[in-house]
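Some notes on the structure that comes next.
Just so it is clear, none of the values below were taken in a lab; they were calculated from the coordinates. Only a predicted model underlies this, so the values are computations on that prediction, with no experimental measurement involved. Virtual Cβ from ideal backbone geometry, glycine too; neighbours counted across all protein chains shown.
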Amino acid sequence: MIIGGKEISEILVRTKENELILSITDKNFILKNGYDVDLWPSAEKKSEETEK
């Protein structure tokens, strides 16, 4: 995935104690129980869906 013009393979969200809360890749995401994630499609994907 491209973020800020850079190719990113994985995003990790951790607590200050280094506990993994969330891992996001271009294939899937892994989320610790008790947390929520909102996924927003890109503008290109939104326009494709509205054309259907």
Completion exercise
Loop-resident GluC sites (Glu not before Pro) in region 6-37 with no more than 11 other Cβ atoms inside 10 Å, DSSP not H/G/I/E/B, are Glu10, Glu17, Glu19
Exercise for the section: Report, by chain and number, residues whose modeled amide H sits under 5 Å from the one on Ile21, excluding near sequence neighbours (fewer than 5 apart, same chain). Expected result: Val13, Arg14, Thr15
